[in-house]
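What follows is calculated from the coordinates using simple rules that are stated; it is not laboratory data. As the structure is a prediction and not an experimental result, all values here were calculated from the model. Ideal geometry is used to build each Cβ from the backbone, glycine not excepted, and the neighbour counts take in all protein chains shown.
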Amino acid sequence: METIHFDHGDGSNHARLSANVPIHKCGACGLEYLDAIAEGIKHASVCRHLGIHTPAEIAQLRKRYGLTRAKFAELTKIGEATLGRWERGALTQNIAYDQLLYLLQFSDNVCRLEHRVADKSLGKSGNEVAAFGEVTEDRFRGLTQGEGIEIAVKKSYRFRLFTGDAA
């Protein structure tokens with residue numbers, strides 16, 4: 001392992017970064033080179049510099065919910081090939097997509113997307129509002145005290161909040 005320094009960006013976006021990477025040396029000619037692992041470490045350094053998720057963090061986020069790339073793509077509307085490129089470090093997501101990835105770290109946001117996808121496939125009208133998630137007894141009591149609000153509790157303890165206009 002050796003600390004290397006490398007340039008990223010140009011002009012006003014130029015930065016000198018460093019990373020600890022494995023360096024290999026050819027026994028025949030003495031040429032030193034970096035392998036795919038070292039390139040991945042450099043890529044992660046760039047991601048940290050830019051303040052965005054690294055490829056490993058993106059893959060961990062998806063796996064945290066037990067989702068395949070195809071299911072994660074269906075849920076988020078991010079292309080499956082794009083997601084694969086992000087996870088391999090072949091492509092870096094822009095800051096807007098990184099914001100979405102940040103929000104997906106919170107399971108209640110994933111739950112909201114799951115319900116939205118399910119509702120669209122069932123042809124729901126869209127008058128459902130507010131939150132989805134696990135409900136504690138205190139939170140349930142607090143939600144039911146609003147005027148014109150009806151709550152339908154499902155067996156899994158997930159809830160849907162309807163406005164007074166709901167059918």
> Do the conditions hold for residue 49, that is, is it over 30 Å from residue 114 (Cβ atoms) and in a strand (DSSP E or B)?
Replying inline: no
> If you go through segment 71-105, how many residues are crowded, with 18+ Cβ neighbours inside 10 Å, in a helix (DSSP H, G or I) and either at positive phi or aliphatic (A, V, I, L, M) (or both)?
Replying inline: 3
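Here is a check on your reading of the model: is residue 58 part of a helix (DSSP H, G or I), closer than 19 Å to residue 99 by Cβ, in contact (Cβ under 8 Å) with a residue 40 or more places away in the chain and within 12 Å of the chain's Cα centre (by Cα)? Even if it seems obvious, please write down each step before you answer.
On the way: part of a helix (DSSP H, G or I): yes; closer than 19 Å to residue 99 by Cβ: yes; in contact (Cβ under 8 Å) with a residue 40 or more places away in the chain: yes; within 12 Å of the chain's Cα centre (by Cα): yes.
The answer is yes for residue 58.
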>> Exactly one of these conditions fails for residue 44: (1) assigned to a strand (DSSP E or B); (2) surrounded by 10 or more Cβ atoms within 10 Å (Cβ to Cβ). Give me its number.
In response: (1)
